[in-house]
1. Taking interchain pairs and intrachain pairs at least six residues apart, which have beta carbon atoms under 8 angstrom, with the first residue in the range 36-48 and closer than 15 Å to Gln65 by Cβ and charged (D, E, K, R) and the second modelled with pLDDT of 95 or more and part of a loop (DSSP other than H, G, I, E, B)?
2. Filter the range 33-55 for residues that are modelled with pLDDT of 95 or more and in a loop (DSSP other than H, G, I, E, B) and give the result.
3. If a residue must be assigned to a loop (DSSP other than H, G, I, E, B) and either surrounded by 10 or more Cβ atoms within 10 Å (Cβ to Cβ) or modelled with pLDDT of 90 or more (or both), how many such residues does the range 57-86 contain?
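The values are calculated or read from the model by the stated rules, or taken from the named source; none is laboratory data. If you're wondering where the values come from, they're calculated on a predicted model, not measured in any experiment. Ideal geometry is used to build each Cβ from the backbone, glycine not excepted, and the neighbour counts take in all protein chains shown.
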Amino acid sequence: MISFMTVMSCANQQSQMAPPPSLEDKKIQPVCSAPPPPQNIWKLEPVLKEKGLITEDMTRPEKEQVIRDYINKKNSAYIKCVKGKK
């Protein structure tokens with residue numbers, strides 16, 4: 001009789017333990033941060049020079065186009081991120 005009670009108490013303890021939650025069960029949402037609208041697009045010029053997107057031999061309109069393309073790329077990445085959350 002005692003052995004039966006011991007076996008039952010062990011079975012009870014195992015059934016009461018919940019399995020640990022796995023990371024696969026939770027959907028991790030990306031954090032979408034909107035880029036701030038540039039007050040002066042030319043402040044991005046040094047950053048884009050460092051990245052090699054703007055060179056010294058480019059004309060001012062060419063540089064402006066690269067800067068505007070960069071801004072549009074960042075904005076579209078934000079829009080895609082937000083759409084992916086829905």
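1. Glu45/Ile54
2. Selection gives Lys51, Gly52, Leu53, Ile54, Thr55.
3. If we filter the range 57-86 for residues that are assigned to a loop (DSSP other than H, G, I, E, B), which is where we start, we get 57-59, 86.
Pick out the ones that are also either surrounded by 10 or more Cβ atoms within 10 Å (Cβ to Cβ) or modelled with pLDDT of 90 or more (or both) and you get 57-59.
Residues in the range 57-86 being assigned to a loop (DSSP other than H, G, I, E, B) and either surrounded by 10 or more Cβ atoms within 10 Å (Cβ to Cβ) or modelled with pLDDT of 90 or more (or both): 3 in total.
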